[in-house]
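Visitor: The structure that follows is given in the form of structure tokens.
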Amino acid sequence: AGRKPARCGAAMRGARSSCLPVPPRASPNGDGKAVLTGAPSSQPAVPTADAARGANGSSADGRADGWGILKGRFMIPAEEVSEHLEASGQTIGQFLSSLIRPASSLARPPVSGYHVGAVGVGASGAAYVGVNLEFPGAALNNSVHAEQFLVVNCLVHGERRIDLLAVSAAPCGHCRQFYAELEGAGDVGFLFGGGADAPRFLGELLPERFGPHDLEEEDFPLLLQPHNNLVRFSTPALRKIEQRSDDAALQAAASEALRTAVAAYSPYTHCPSGCAVITSAGRVYAGGSIESAAYNPSLSPFHTACIHGVTQGLGSFDEIKEIVVAELQGARVRHAANVRLLQRSVAPKAKLTVLPLRYGRPR
């Protein structure tokens, strides 16, 4: 993305990183449900944590801990967060930090075998979990960092701002750059290194950062803000959809792929795209492309669709039977070719359907 992003990357050399491997922590299953239900078959099983916690989600000394609070979820509603803080006397920083290890147990790292977790609180007061995802048989640059996952999780739930997040160590330069796309990025607080009440802010962690306004002079809605890309299906796409009018799952996936393309974050290339995956059980998960001013930290719509799926209970990625990509025909930036490469590794039996888009207001 030019010289400036490279300069920002150089500034991060030597930083201790939460995106580096963190030893896995056992996962609780006292409710009879495996937290990693349906995790990729190439991922080692995660042992239980009964020795570290009681069956009621309490630590050895009887106090409620993060394991019993999280319960394998990727989001804790604001009301529940508020009630817990009042009952426990914890600060929000202490609360988020207590959830890092249980959150990391939800990660899917079949390549490294290491689990990374991040937990943040949004402006709404709800708490969100982020974990690392790795795709066996694919290049390492397809991996999703826990901090990136957290942002997409916020996006899925309509959260408009992240105020504070706790991570196991300082976020890597890749993630610092990704967070530069957020509204008020410099004020996002990071907790790491045991300092549960002493946040470090992105303005300090990534000084003189390369960001959105280095590429675009005019103001525009940033990441997590509402977007309305004026794209619609082309005539060839409409024909494909019509030919499968009796396929309810495809109809739902096409609608979701278009919806997420309309909402995609693509301020630099103006090539929004969306993706929906259909599972063998007929469930549909979707996500839109997310661009970074530095380009490399960007996420494809297939990655964001997979994140959506994981937050909603998607098991192994080989449960995916069809991938629907909606992208502009003949655009400078397209994702279908890369999605096809990744699909061959993680969901080899899946069908890839590409629905071309065009600019124009929906009819």
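The values are calculated or read from the model by the stated rules, or taken from the named source; none is laboratory data. Just so it is clear, the model here is predicted, and its values are computed rather than measured. Neighbour counts run over all protein chains shown; Cβ positions are idealised from the backbone, glycine included. With ligands, DNA and RNA removed, areas are computed over all heavy atoms of the protein, side chains included. Shrake-Rupley method; radii C 1.70, N 1.55, O 1.52, S 1.80 Å.
Visitor: Calculate the all-directions average of the projected area of segment 133-185's alpha-carbon convex hull, and give it in nm².
Guide: If I average the Cα hull's projected area over directions, I get 4.3 nm².
Visitor: May I pose another question? Which value, in nm² and rounded to one decimal, describes the direction-averaged projected area of the C-alpha convex hull of segment 305-363?
Guide: Result: a mean projected hull area of 5.1 nm².
Visitor: In whole angstrom, how long is each semi-axis of the equivalent ellipsoid of segment 231-359, when you take the square root of 5 times every eigenvalue of its Cα gyration tensor and sort them from largest down?
Guide: So the equivalent ellipsoid measures 21, 18, 12 Å along its semi-axes.
Visitor: Give the calculated FRET efficiency between Ser88 and Arg283 to the nearest 0.05, with a Förster radius of 35 Å applied to their Cβ-Cβ distance.
Guide: 0.50
Visitor: What is the diffusion coefficient of segment 66-208 in µm²/s, taking the Kirkwood radius over Cα pairs and the Stokes-Einstein relation at 37 °C with a viscosity of 0.692 mPa s?
Guide: Rounded, D is 217 µm²/s.
Visitor: Which net charge results when you count Lys and Arg as +1 and Asp and Glu as -1 among the other residues whose beta-carbon is under 14 Å from that of Asp318?
Guide: Its environment carries a net charge of +3.
Visitor: Can you grab the distance from the C-alpha centre of segment 236-287 to the C-alpha centre of segment 174-232, Å, no decimals?
Guide: 28
Visitor: While we're on this one: Place a point 7 Å from Cα of Asp187 in the direction of its Cβ. Which residues in segment 211-232 have their backbone N less than 16 Å from it?
Guide: 222-225
Visitor: Using a simple spin-label model with points 7 Å from Cα along the Cα→Cβ vector, what separation in nm is obtained for Ala337 and Asn141?
Guide: If labels sit at Ala337 and Asn141, their model points lie 1.3 nm apart.
Visitor: Of all the accessible heavy-atom surface of segment 231-359, with the other protein chains kept in place and a 1.4 Å probe, what percent is carbon and sulfur?
Guide: 48
Visitor: How much net charge surrounds Thr269 when only other residues with a Cβ under 9 Å from its Cβ are counted (Lys, Arg +1; Asp, Glu -1)?
Guide: Value of the local net charge: 0.
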